[in-house]
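Q: Please find one structure pasted underneath; my questions will follow.
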Amino acid sequence: MKYFIYLLVSILSGFFLGSCGEALSTRLEIDPPEFESQMSLTTFIDAYNVQVNMFIGRNRGILDIDDFDEYGLDDAKLTITKESEGISIDTEKDGFVPTSGPFNYSLIFFNNEFFEPGDQYTFLLEHSDFESSITTLEFPTQGAVLENIVYKREDGLDEEFDQASSITFDIVDDPAKNDYYELEAATVGGGGNDLSFWISSLDPVARKGRPIDNILISDNTFNGERKTITIRFDRFLYNPEINDNIELRFRTVNEGFYKNSISLAKYYETEGTPFTSPVQVHSNVNKALGNISFKTTDIYIVE
């Protein structure tokens, strides 16, 4: 008898919901945010590197589907001033070569000491259709050194349950300032090109950004102290019998790169998901969009 009642209730409930489905649903029309056309400047600059790539252009609306190249501003002018010496370079006279792809300008230095850690640089971006953008940033000096580096060929399983190797090291942090770091690991030798590979850490100070292989670290919780961190990676990514060694590329980066990298990772994680709030990608360019990223790199050899 109880089974019959439960069955009857289920049938009636299904019938009610099916017949009233349209009545219980609501269609909301939401206007997209108002679009504001702005200039965009994105570049990643390594200290003492002889080549700098950058994108100079404008943003596009969320519904625009044109090719990325369509949004470059070939007639914009960028002037970069090294404040300590008062010397400047610009896109009109100093060898900025137009390119294609994610960057539309490439600058080749014959003297690679223009960008130096500890100096300040002003980026002036100008175009007749937009308000000028002026951004001054300091190039970070190396904020820490790595010590007590220990490599283990066999060290349990990684987060994907693959056989893992590990590298443990101490970050000896400079107490004079707050610093942001990026760590990249790459195999060297073995008959092929140097190959950067995925690393991870269970330490809460280690975060993922873009590029996703690397980890990002802020010294916010250990400023001026010694911090021990262990990274793990698939054991078969590095073979001591084939590869020469592993390079740990330890970079001090500016705050703009750190925040931009993390916000980009969040953006791609939620892309296409209708139930999450839009992710605002971090920008450090005044009166424009984009990101000016500075990196100062030290390399540690692990054998």
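Q: Grab the alpha carbons of segment 81-206, take their convex hull, and tell me the volume per residue in Å³. If you can, show how the numbers build up before the last one.
A: Numbers: hull volume 29.4 nm³, N = 126.
Value for segment 81-206: 233 Å³ per residue.
Q: Starting from the amide H of Ser200, placed 1.01 Å from N in the peptide plane, find each other amide H under 5 Å away whose residue is 5 or more places distant or on another chain.
A: Hits under the 5 Å cutoff: Arg232.
Q: Let me ask another. What do you get for Rg/Rh over segment 130-269 if you use C-alpha atoms and the Kirkwood form of Rh? Walk me through the numbers on the way to the answer.
A: On the way: Rg = 16.5 Å, Rh = 16.3 Å.
Reported Rg/Rh, Kirkwood definition of Rh: 1.01.
Q: Quick one: compute the contact order of segment 138-194, relative version, from alpha carbon pairs under 8 angstrom and 6+ residues apart, as a percent.
A: Working: 56 pairs, mean separation 17.8, N = 57.
That works out to 31 percent.
Q: Run the Debye formula on the Cα coordinates of segment 238-303, all scatterers equal and no solvent, and tell me log10 I(q)/I(0) at q = 0.22, 0.27 1/Å.
A: -0.90, -1.08
Q: Right, next: For segment 190-251, what does the alpha-carbon gyration tensor say about shape, rounded, prolate or oblate, given a ≥ b ≥ c as the root eigenvalues, a/c under 1.5 as rounded, and a/b over b/c as prolate?
A: Working: a/c = 2.38, a/b = 2.09, b/c = 1.14.
It comes out prolate by the Cα gyration axes.
Q: Something else: Tell me the accessible surface of Glu160 in square angstrom (1.4 angstrom probe, heavy atoms of protein chains only), to the nearest ten.
A: Rounded to the nearest 10, the figure is 120 Å².
Q: Another one. Counting only heavy atoms of the protein chains, get the accessible area per residue of segment 150-303 (1.4 Å probe) and round it to a whole Å² value.
A: On the way: 7880 Å² over 154 residues.
For segment 150-303, the solvent-accessible area averages 51 Å² per residue.
Q: On a straight-distance basis, which lysines could pair with Lys208 in a cross-link, Cα separation under 23 angstrom, same-chain partners fewer than 8 positions away excluded?
A: Answer for Lys208, where 23 Å is the Cα cut-off: Lys152, Lys177, Lys227, Lys259, Lys266, Lys295, listed by chain and number.
Q: Ranked highest first by average number of other Cβ atoms within 10 Å, how do 83-91, 228-236 line up?
A: Working: 83-91: 13.4, 228-236: 17.2.
My ranking of the peptides, most packed first, is 228-236, 83-91.
Q: Around Asn178, under 12 Å between beta carbons, what's the net of Lys plus Arg minus Asp minus Glu among the other residues? Intermediate values should be presented prior to the final figure.
A: Values: positive: Lys177; negative: Asp173, Asp174, Asp179, Asp219, Glu255.
Within the 12 Å Cβ shell, the charges total -4.
Q: DSSP loop (so not H, G, I, E, B), at most 13 other Cβ within 10 Å: list which trypsin sites (Lys or Arg not before Pro) in segment 93-158 pass both filters.
A: Filter output for segment 93-158: Lys93, Arg153.
The values are calculated or read from the model by the stated rules, or taken from the named source; none is laboratory data. Owing to the predicted nature of the structure, the values given are computational and were not obtained by experimental measurement. With ideal geometry, Cβ positions are generated from the backbone for all residues, glycine too; neighbour counts draw on all protein chains shown. The protein model used for the area step is the full one, side chains on, heavy atoms only, and it has no ligands, DNA or RNA in it. Shrake-Rupley method; radii C 1.70, N 1.55, O 1.52, S 1.80 Å.
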